[in-house]
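Colleague: Following this message is one structure expressed as structure tokens.
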Amino acid sequence: MARYQHNPAYDDPGQPAHRIFMYVLMLVIAAAFAGFIWNWYSGASQVPVIRAPAGAYKVAPSPDALTAPDEAESNIPNESPGGSPPLATPRPAPEAPAAAGAQAGGVPQLGAAPHFVSDGPYVAQVAALQSEASVNPAWARFSSRAPQLFAPARLDVERADLGARGIYYRVRAGYFADRANATRFCDRIRQMGQDCIVVAR
């Protein structure tokens with residue numbers, strides 16, 4: 001009976017080296033994967049977080065801010081100190097003045113037309129100017145905007161010395177026998193977008 005004998009020539013001399021290479025390669029891959037996972041989680045914790053400021057996101061303005069006059073209104077001169085009537089300052093006229101007091105049918109809702117007299121105790125002040133030369137142009141401008149209203153009116157100018165505040169020329173329309181007629185005139189002036197106050201002479 002023949003016996004098997006081991007022949008060293010048939011052994012693979014590179015097999016142990018091949019196994020070592022595979023082990024090393026697996027260790028490198030595992031280390032690289034572990035490093036990738038580590039960088040992924042450690043980097044995520046360093047991402048800056050932007051937090052919203054504490055408190056309400058929208059802040060409503062205070063009631064005083066809604067009613068406070070703007071810079072232009074604050075610079076309007078006023079004659080109130082000393083008992084004198086305040087200045088009547090011009091306002092921009094609306095595009096359709098007659099429509100301001102009109103009903104759906106288009107009829108203005110105003111009282112009776114004012115009645116003028118030749119020399120009454122009441123006038124309607126429509127402006128107060130610091131230049132006397134501006135009085136007549138202002139009167140002409142008012143008259144051109146409402147010719148029927150100003151046709152029977154007479155221009156009355158009062159010079160008012162307000163001391164340190166300067167001299168003003170009050171442009172007034174007259175004359176009226178009573179306050180009621182002067183008020184009717186001012187009502188129509190206000191429909192034009194213009195200030196007007198009733199003044200006793």
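Rule-based calculations on the coordinates, nothing more; no lab input. Being a predicted model, the structure only gives us computed values, none of them experimental. Neighbour counts are summed over all protein chains in view; Cβ atoms, including those assigned to glycine, are modelled from backbone coordinates with ideal geometry.
Colleague: Would you check if ALA160 is in contact (Cβ under 8 Å) with a residue 12 or more places away in the chain and surrounded by 16 or more Cβ atoms within 10 Å (Cβ to Cβ)? Give the derivation first.
Modeller: Details: in contact (Cβ under 8 Å) with a residue 12 or more places away in the chain: yes; surrounded by 16 or more Cβ atoms within 10 Å (Cβ to Cβ): yes.
So ALA160 passes the test.
Colleague: Another question about this same structure. Taking region 163-201 on its own, how many of its residues are surrounded by 21 or more Cβ atoms within 10 Å (Cβ to Cβ) and farther than 20 Å from PRO114 by Cα?
Modeller: Residues meeting the conditions: 2.
Colleague: Within region 160-201, track down each residue that is among the basic types (Lys, Arg) and touching a helix residue (DSSP H, G or I) at 6+ places or on another chain (Cβ under 8 Å). Write out each step before concluding.
Modeller: Here is the first cut: in region 160-201, the residues among the basic types (Lys, Arg) are 165, 170, 172, 179, 184, 188, 190, 201.
Within region 160-201, just ARG188 meets the criteria.
Colleague: If I go through region 122-138 residue by residue, how many of them are more than 33 Å from the chain's Cα centre (by Cα), more than 20 Å from ARG179 (Cβ to Cβ) and surrounded by 16 or more Cβ atoms within 10 Å (Cβ to Cβ)?
Modeller: Selection size over region 122-138: 1.
Colleague: Related question: Identify the residue in region 144-201 that is among the β-branched types (Val, Ile, Thr) and in a helix (DSSP H, G or I) and, among all such residues, is nearest to ALA127 (Cα to Cα).
Modeller: Going through region 144-201, the residues among the β-branched types (Val, Ile, Thr) turn out to be 157, 167, 171, 183, 189, 197-199.
Then drop every residue that is not in a helix (DSSP H, G or I), which leaves 183, 189.
Numbers: THR183: 16, ILE189: 11 Å.
The qualifying residue nearest to ALA127 (Cα to Cα) is ILE189.
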